[in-house]
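So the structure is just underneath, and the comments pick up after that.
We did not get these values from a lab; they are worked out from the coordinates using the rules stated. The structure displayed is predicted, hence computed values, not measured ones. Please note: Cβ atoms are built from the backbone with ideal geometry, for glycine as well, and neighbour counts cover all protein chains shown.
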Amino acid sequence: MDKTIEELHELLKTKQITSKELIVESLKKSHEVQEAYNAFVTILEEAEETTITDNLLSGIPFGIKDNYSTKDILSTGSSNTLKDYVPFFNATAVQKLIDAGAVPVNKTVLDEFGMGGTGTTGHTGIVKNPWDPTRMTAGSSAGSACAVAAGVYPYALGSDTGDSIRKPAAYCGIVGYKPTYGMISRYGLFPFASSLDHCGVLTRSVTDAAIVVDTMKGIDEHDMTSWDSSHIHLYENRNKEVKNMKLCYIKELCDIEFYENPTEELKMHLENFKEKLELCKNLGMEVEEVSVNQKLLDTLPSVYVAISCAEATSNMSNLTGIIFGPRGEGKNVTEMMMDHRTKGFSPLIKRRFIIGSYILQKENQERYFKNAGRVRRLLVDTWKKLYESYDAVILPVGSGPAKHLDGSKDILTKDTAALEEHLQIGNFGGFPSITIPDGFINGLPVALNITGNCYEDEKILSIAHALEQAMPYKNQIAKEVR
Amino acid sequence: MPKFTSERVDDLAAKLLIGLSPEENQMVLDEFSIIDENLGKVEDFPNIKKVEPMTHCLDNFTCTLREDKIEASIPIEDALKNCDSVEGREIEVPKVVGGEN
Amino acid sequence: MANFITKIGLEMHCEMSKTNSKVFSSAKNEYCEIPNSNIRPLDMGFPGTLPVVNKEAVRLSLMASIILHCRQPEYMYFERKNYYYPDMPKNYQITQNPPEDCVGMEGFLDVEREDGSQFRVGIDNIHLEEDAASLDHYYDTSCIDYNRAGVPLLELVTNPDIHSANDAVTFLEQMRSIYQYANISEADSKKGQIRCDVNVSIMDANLDEENPENWGTKVEIKNINSFGGVRDAINYEIKRQSELKSLGRYNEVEQETRRWDEESGTTIRMRSKVDAIDYKYFVDPNIPKFKIESSWLEEIKKSIPLLPLERKAKYIQEYGLSAYDAKVIVKEREYAEYFETCLEIGMDAKTSANWLTTQILGEINRINISIKDFYLTPKLLKQIIDAIKNGTISSKQAKEIFYQALEEQKEPSSYINSDMAQISDKTELENMITKILEENPQQVTEYKNGKDNLFDYFVGQVMKNTHGKANPVITKEILKDKLDKKR
């Protein structure tokens, strides 16, 4: 199970191994990983082998984040509000994989409904980092990142509203890819913030990410925001020439001078990133430093919170325990719904709902919600402007390796906020965005991210693929470093 | 503009059908003060009011409206299987009195 | 109370019953007795479901917008209205949020009263939204039926331009008829397809009505399910407000929302304006903004059928109907369709109109059925009319056959045979009349002396002799001829 999709397919095709054997191995590994890191809500003991076809995914196990609706399989969103919810329909993306013969073997833990970046707020408990169980996986696709990194299967589905695929991928030393908004249908994905939510995948290689998204993508009559991408062939075109491609990075985020009291980890992380820029040049790409409005970057985290909380409070108002989910106690309907929601949601989510609701109040919309929408546009326009001159923006992910679960050893400074949160711009503008591992700090993986213009998924995958080939971190399996 | 107060937090929580502890109430105010400060700065951005707020992820959707075709109703067993209180073909709740709208 | 002007604004919600599927889901759009039998996952708000806009619902709503002389948006989009209620599975309603762009903005409708006078009502907006589920109430429980959840709903909001309960109802009736003619909705209030909110205020008659500062306190009355209820609620509210104002207690009239209680015939306070709900509207990100192409609008405009007032004018001018008949016929689309079918199959316009407005409407109102279910279709009616025209039956016989055919549900032609034929033979009638005149010398003398009304007596005698089968026209001709010779 530590092999790539192409390798596994070859083994299956030549009958050196069977789908059944892969499933057994994956389930066994699932239990080990569950024991050690608590990555799963459900392990599908009954998973059945499928016929091996020419489809690269046939017969191969994979994981599904538990905020995807899966037919006849518990789908909780890692929330007590849905702790017993068994949907009767599959999310479009899941259905497409099943149609391709892929075999779901577990449902992975997330931060409750994707609203969190730590992997610690799921209703089944904290997900630990397979490189160092005292550290976070980050989130919200925590279980998916952990399981792929630990070698349970070659890929798992994720969803990404702020950086929920790309950040945990970075902390776990794997690849995280969210394609252009609407390339994969969101039908059946439990919504967090509909204008920011993306489906995507976590893998151990760019090629695997290309294979999986090729299968998941496509226009869907159940999602008006999906579009026809039949002309895009990620796997076929991942080897495209990158020579003469132009990349840029943002000075305000990458220059150590902009940080008042940089940690050693931050220094190493940025230095490592600069080395990788040299690597890009060696591959024939041009790399330039650009400067963007610092004030705009500084408001980024608050803009994200404002938009995502506002949409979330509305999106999750269907969670009342009346039609599905455990019925609350009370004398009347209102009391029942209140009991369900009060008991069902974690404190973090409740606070965010209230903030979102306040922001949407008629008298507050202008100052908060509308202004957030305006800054969103300014940021997106800034990036779009960059794409007029550059093929992609390349940036380091986060301010270093995975943070500690107890937080005590992490020095969080206010001025790293934009560095921690810049991936959200990819969600603001629906840009295709991929994170790949780019080194180690103190034995723990760190990563860089490549984000391109909408619909240019093939391009950013080619760049990521070329860079991946030039670095020794492809297909790495997590091994505990302490 | 009225300030965000602990009373308003409780009022909003009640409308969202959520119960909050006093500690949680205070945390809302603390978290919000950061957002307030940050987004407050936006007011000073030049020409900010002329920017059309972004409401959708993409500006150039080419979306087609759905043709007016009927799909079969979902089986009643599926519709009700996750509900804890069912009466016949319907979802049952304590008697709803009064109207919102 | 004549010293007050009443200002009335209406909100009319009408379910669009003429689409096949719901507005954002592909479930069937049809009332169904069996609960939860027209549902798709979205209609119950299952996690991960998404709205997909029905093109036909948009088309029909744009048609309504055009009919109401509204401005259509360049781009269409929807907003979420957020509040918790058990009949709303998502706990938000997908709707539009005027004065933000919606299906139609700033239009008007010219309305015609019973007496033919007209008045204009300004339309603030018309917007497209989804209906909620319905609750069935039992002793101590309520059950939720999602069949209605997601049914397309048009909400029309007028300016406060209406001055009386009667005008308000006239407006609503005309709107209903427009919805029917344009094939947007059956607009059947018996099926709960129409629901109204009204707002009523009064002001001193001697002040300038054009100046909003002179307007009184606006009271809103919600959820009235019949036009009769609208009339009663408005009249009740005018009386309540006028009395308070006359007594110098106008400060007791509060800007508030009340509801109409049919049983007691009164309005009852629900909530004050101060407690107005903040619905936290925002644009639904799941539905992209889509361009309303002007070519599409043109196409829709061309497809609008002739509406009641235009149709009425046409009936009068082109077919020579009386204003009364024309008005009665256009009142319901189904009547007009019946009438036009008659014309299509070659019947005379005036004759068809006569039969329709008297016998047929009389009969369907008596037995309370729709004209669509009326046994005598235009085709069957034609059998009777043709028989009159070619003299096979008298108009008296025609009526008898009409009722007999209805009673026995048999084709009128089966009652029409040669035996019933009128006696139109001139010689036969002449002989008979000569004989009758001879037998009644007294009456002939009196007629000669100027007693003109005895003419009818002679006609009666002929009919008596022929059991009513004598052709009245020929009979009268011969009689006149013979009697005049004797004068």
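Considering every alpha-carbon pair of region C:433-483, the percent of pairs per 10 Å bin, from zero through the bin containing the longest distance, is 25, 62, 13. Separation of region A:29-48 from region C:243-284 is 58 Å, based on Cα centroids. With a Förster radius of 45 Å, plug the Cβ-Cβ distance of C:Tyr83 and C:Ser414 into 1/(1 + (r/R0)^6) and report the FRET value to the nearest 0.05. Plugging the Cβ-Cβ distance into 1/(1 + (r/R0)^6) gives 0.10.
Which values of log₁₀ I(q)/I(0), to two decimal places, follow from the Debye formula for region A:15-126 at q = 0.11, 0.15, 0.19 Å⁻¹ with a uniform point scatterer at every Cα? Debye output, listed in q order: -0.36, -0.65, -0.98.
Taking the Cα centre of chain A as origin, sum charge times position over the Cβ atoms of Lys and Arg (+1) and Asp and Glu (-1), and report the length of that vector in debye to the nearest 20. Before the final figure, lay out each step's value.
Working: 51 positive and 64 negative charges, 179 e Å.
Charge dipole of chain A: 860 debye, to the nearest 20.
Phi-derived couplings, Karplus 6.51 cos²θ - 1.76 cosθ + 1.60 at θ = phi - 60°, listed residue by residue for region C:351-358: 4, 4, 4, 4, 4, 5, 6, 9 Hz, with x used for Gly and Pro. Our estimate of slack between C:Lys399 and C:Glu299, defined as 0.36 nm per intervening residue step minus the Cα-Cα distance, is 31.4 nm. Is it possible to state the helix-based mean residue ellipticity at 222 nm for chain C, with each DSSP H run of 4+ residues giving -39500 (n - 2.57), the sum divided by total residues, to the nearest 500 deg cm²/dmol? What is it? One gets -11500 deg cm²/dmol as the mean residue ellipticity at 222 nm. Along the axis of the charge dipole computed for chain C (Cβ charges of +1 for Lys and Arg, -1 for Asp and Glu, origin at the Cα centre), the listed residues C:Asn199, C:Ile478, C:Pro86 are led at the positive end by C:Ile478.
The calculated FRET efficiency for C:Asn3 paired with C:Asp386, based on their beta-carbon distance and R0 = 60 Å, is about 0.45. Diagonalising the gyration tensor over the Cα atoms of region C:227-282 and scaling each eigenvalue by 5 before taking the square root yields semi-axes of 23, 18, 9 Å, largest first.
Counting every other Cβ atom within 10 Å of each residue's Cβ, A:Tyr473, C:Tyr138 order from fewest to most as C:Tyr138, A:Tyr473.
For C:Glu334 and C:Tyr75, what is the calculated FRET efficiency with R₀ set at 35 Å and r taken between the beta-carbons, to the nearest 0.05?
Working: r = 37 Å, r/R0 = 1.06.
Efficiency, from the Cβ-Cβ distance: 0.40.
Near the amide H of C:Ile123, within less than 5 Å, lie the amide hydrogens of C:Gly107, C:Phe108, C:Leu109, C:Asn159, all on another chain or at least 5 residues away, with H placed in the peptide plane.
Checking the cross-link pairs C:Lys302/C:Lys327; A:Lys96/A:Lys295; A:Lys251/B:Lys49 against a 32 Å limit on the alpha carbon distance flags A:Lys96/A:Lys295 as lying beyond it. Assuming charge only on the beta carbon of Lys and Arg (+1) and of Asp and Glu (-1), the dipole of chain C about its Cα centre is about 1160 debye to the nearest 20.
Would you mind checking the tilt of helix C:454-466 against the longest principal axis of the Cα atoms of chain C, expressed as 0 to 90 degrees and rounded to 10? Around 90 degrees separate the two axes. Sorted largest first, the spans of the alpha carbon positions of region A:104-150 along the three principal axes are 27, 24, 14 Å.
Is it possible to state the helix-based mean residue ellipticity at 222 nm for chain A, with each DSSP H run of 4+ residues giving -39500 (n - 2.57), the sum divided by total residues, to the nearest 500 deg cm²/dmol? What is it? The helix contribution divided over chain A gives -11000 deg cm²/dmol.
Near A:Gly439, the amide H atoms lying under 5 Å from its own belong to A:Val446; only residues 5 or more places off or on other chains count, and H is placed 1.01 Å from N.
The order of the peptides A:201-207, C:310-316 by mean Cβ neighbours within 10 Å, most packed first, is A:201-207, C:310-316. The Cα center of region C:18-77 and the Cα center of region C:309-330 differ in position by 35 Å.
A cut-off under 14 angstrom between Cβ atoms defines the neighbours of A:Gly125, and their net charge, with Lys, Arg +1 and Asp, Glu -1, is -2. Here the Karplus relation 6.51 cos²θ - 1.76 cosθ + 1.60, evaluated at θ = phi - 60°, turns the backbone of region B:12-17 into coupling constants of 5, 4, 4, 5, 8, 6 Hz, with x for every Gly and Pro. Charge tally around C:Glu254: other residues with Cβ under 14 Å, Lys/Arg +1 each, Asp/Glu -1 each, net +3. Every Cα-Cα pair of the protein assembly as shown was included, and the share exceeding 48 Å stands at 41 percent.
Rounded to the nearest angstrom and ordered from largest down, what semi-axes does the equivalent ellipsoid of chain C get from its C-alpha gyration tensor (root of 5λ)?
On the way: eigenvalues 665, 164, 87 Å².
Gyration-tensor ellipsoid for chain C: 58, 29, 21 Å.
Please compute the average number of Cβ atoms from other chains found within 10 Å of each residue's Cβ in peptide A:319-332.
Working: counts 4, 6, 3, 12, 13, 12, 4, 2, 6, 2, 0, 1, 1, 6.
Average neighbour count from other chains, rounded to a whole number: 5.
Using the Karplus relation 6.51 cos²θ - 1.76 cosθ + 1.60 with θ = phi - 60°, the per-residue 3J(HN,Hα) values for region C:8-16 come to 10, x, 10, 10, 10, 9, 10, 5, 8 Hz, with x marking Gly and Pro.
Taking only alpha carbon atoms, chain A gives an Rg to Rh ratio of 0.95, where Rh is the Kirkwood radius. The H on the amide N of C:Ser142, modeled in the peptide plane, is under 5 Å from the matching H of B:Val93, B:Lys95, B:Val96, each at least 5 residues off or on a different chain.
For the residues A:Phe431, C:Phe455, what sequence is obtained by ranking on other C-beta atoms within 10 Å, fewest first? Let's see the in-between values first.
Working: A:Phe431 29, C:Phe455 14.
Listing A:Phe431, C:Phe455 from fewest to most nearby Cβ atoms yields C:Phe455, A:Phe431.
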